[in-house]
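K.L.:
Right, I'll just put the structure down here and ask away after.
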Amino acid sequence: MNFLFVGNPKRFLKLVVVVFTALIIGLGLLVSPAQADSVGEEFDHAVLGNVKIKGEPVGGVRIVVEGPSYTAEVVTGDDGSWLIGVPTKDTYTVTLDQETLPAGIAVLEGGASQEVDLGLSDRVVKNFFIGQGERNEVSFFDQFVARLIYGINFGLMLGLASVGLSLVFGTTGLSNFAHGEMVTFGAVAALILGVVLEVPIWVAIPAAVIISAGFGWSMDAGLWKPLRKKGLGIVQLMIISIGLSLTLRYIIQFFIGGGTEQLPGFDSPKINLFGSVALSVNDLYSMGISIVAILAFAFWLLRTNTGKATRAISDNPDLAAASGIDVDKVVRIVWIVSAALAGLSGVLWAYFRPGIKWDMGTQILLLIFAAVTLGGLGTAFGALIGALVVGILVETSSLFIPSDLKYVGALVVLIGVLLFRPQGLMGRRQRVG
């Protein structure tokens, strides 16, 4: 049984216009020209360099610098340059993420990971030799299969966050713009437990999910329920969620800084599947955990009394209340489940990127909304289907268009689907019965 959109068609179309206005604004940000990224400018020491092929600069290439208790990353600008400030004179490992290079291009001399030593100078230049445009021959089929698998993995992770957002919308009508920060919160909780407190990561991750669930409970108890009791409208609540998003985002930045932090085991080895297709151990774990979590969520939603009550409230909250269902109690549980799923998604996203950054949840918030809208507003399983479609399109589109524009394909399909089916893939035009 789906979550159904409650309201008249005109109100639905107005909401679609609002959502697509946000999508267009976000799309403008996504496709803007890449600028030289630099972090750690407050430090007196730095590692810097250029990435070029046949003398031509390459933008959008991810560079990671790791050293004693310090990790940071940048993306090369249009001129191929990058700079990472480091806190002390020491030996650092500089890694170029070859997956961000143009298709078929690879680092030849010295490898993708190289060491630099700041023992004698404040700044060290590290340029990567890309083989003057030489290519590693990889069949299109192998590339497509690899991208497809990555897309499924990304879609499953995105689905965990999307169904949580859809749960909240289905039961309260609220489009929660702070959902991205709930994703970030789960990753930060795992970072504090697994790195700062040195808790084993297999304990830290479940604990982070539980803490995220507690965060969802506290948000509803301390903010959303009192606001609902005051009778605030959906528009006011949505504006408050935007303010909450900004507040949480900069609180997180204050505590963890602007750099990129890594969870234990982020550099897990890759396992060759067939041909040139390989997945890391983390990718396999991520897909397995996502599937188990989604199956558990489906069982809860379809088979438990609370899940059935959740669907009843989404369908008709007044009738559900008249039937004896405690709406406030169910909404509280929905916030807890939504936050737990978002927290788990944040941990998996931290391994997929890889890395934890203060605005990491915001980076995929647009895709989460796209998945929910594509699947059908208020339909939890529709959000999952939409997330898989978005994830696969994002990853496979990089075979045909520049990686900087890979989000465009998913959004174009989203617009096309809604033009012919405004209610989304699994939504309904009107509530029945």
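K.L.:
Given the criterion aliphatic (A, V, I, L, M), more than 24 Å from the chain's Cα centre (by Cα) and part of a helix (DSSP H, G or I), identify the matching residue among A298, A312, A339, A293.
P.N.:
That would be A312, the only listed residue that is aliphatic (A, V, I, L, M), more than 24 Å from the chain's Cα centre (by Cα) and part of a helix (DSSP H, G or I).
K.L.:
Assess whether E134 counts as being out of contact with any helix residue (DSSP H, G or I) (no Cβ under 9 Å at 6 or more places or on another chain), closer than 24 Å to V39 by Cα, modelled with pLDDT under 85 and among the acidic types (D, E).
P.N.:
It is false that E134 is out of contact with any helix residue (DSSP H, G or I) (no Cβ under 9 Å at 6 or more places or on another chain), closer than 24 Å to V39 by Cα, modelled with pLDDT under 85 and among the acidic types (D, E).
K.L.:
If you go through the range 333-351 one residue at a time, how many are more than 15 Å from G180 (Cβ to Cβ) and not aliphatic (A, V, I, L, M)?
P.N.:
Within the range 333-351, residues that are more than 15 Å from G180 (Cβ to Cβ) and not aliphatic (A, V, I, L, M) number 2.
K.L.:
Any chance the range 195-211 includes a residue that's more than 28 Å from S69 (Cα to Cα) and either of a type in the set (K, R) or in contact with a helix residue (DSSP H, G or I) (Cβ under 8 Å, 6 or more places away or on another chain) (or both)?
P.N.:
Looking through the range 195-211, none of the residues is more than 28 Å from S69 (Cα to Cα) and either of a type in the set (K, R) or in contact with a helix residue (DSSP H, G or I) (Cβ under 8 Å, 6 or more places away or on another chain) (or both).
K.L.:
Here's a follow-up. Name the residue that is surrounded by the most Cβ atoms within 10 Å (Cβ to Cβ), counting only residues in the range 276-299 that are in contact with a strand residue (DSSP E or B) (Cβ under 8 Å, 6 or more places away or on another chain) and among the small types (G, A, S).
P.N.:
The qualifying residue surrounded by the most Cβ atoms within 10 Å (Cβ to Cβ) is S280.
K.L.:
Identify, by number, the condition in (1) outside any helix (DSSP H, G or I); (2) touching a residue at least 60 places away in the same chain (Cβ under 8 Å) that I325 doesn't meet.
P.N.:
(2)
K.L.:
Out of curiosity, is G346 touching a Phe, Trp or Tyr at 6+ places or on another chain (Cβ under 9 Å), of a type outside the set (A, V, I, L, M), crowded, with 24+ Cβ neighbours inside 10 Å and touching a residue at least 40 places away in the same chain (Cβ under 8 Å)?
P.N.:
Answer is yes for this residue.
K.L.:
Report the residue count in the range 165-194 for those that are of a type in the set (S, T, N, Q), within 16 Å of A371 (Cα to Cα) and surrounded by fewer than 24 Cβ atoms within 10 Å (Cβ to Cβ).
P.N.:
Summing the residues that are of a type in the set (S, T, N, Q), within 16 Å of A371 (Cα to Cα) and surrounded by fewer than 24 Cβ atoms within 10 Å (Cβ to Cβ) in the range 165-194 gives 1.
K.L.:
Could you tell me which of the residues L263, L273, L197, L244 is surrounded by 15 or more Cβ atoms within 10 Å (Cβ to Cβ) and more than 17 Å from W349 (Cα to Cα)?
P.N.:
One residue alone meets the criteria, L244.
K.L.:
Okay, next question. Would you mind stating whether V125 is assigned by TED's automatic domain parsing to the domain that holds H45, among the aliphatic types (A, V, I, L, M) and modelled with pLDDT of 80 or more? Even if it seems obvious, please write down each step before you answer.
P.N.:
On the way: assigned by TED's automatic domain parsing to the domain that holds H45: yes; among the aliphatic types (A, V, I, L, M): yes; modelled with pLDDT of 80 or more: yes.
The answer is yes for V125.
The values are calculated or read from the model by the stated rules, or taken from the named source; none is laboratory data. This structure is a prediction, so every number in the text was calculated from the model and none was measured. A quick note on method: Cβ atoms are made from the backbone with ideal geometry, for glycine too, and the neighbour counts reach across all protein chains shown.
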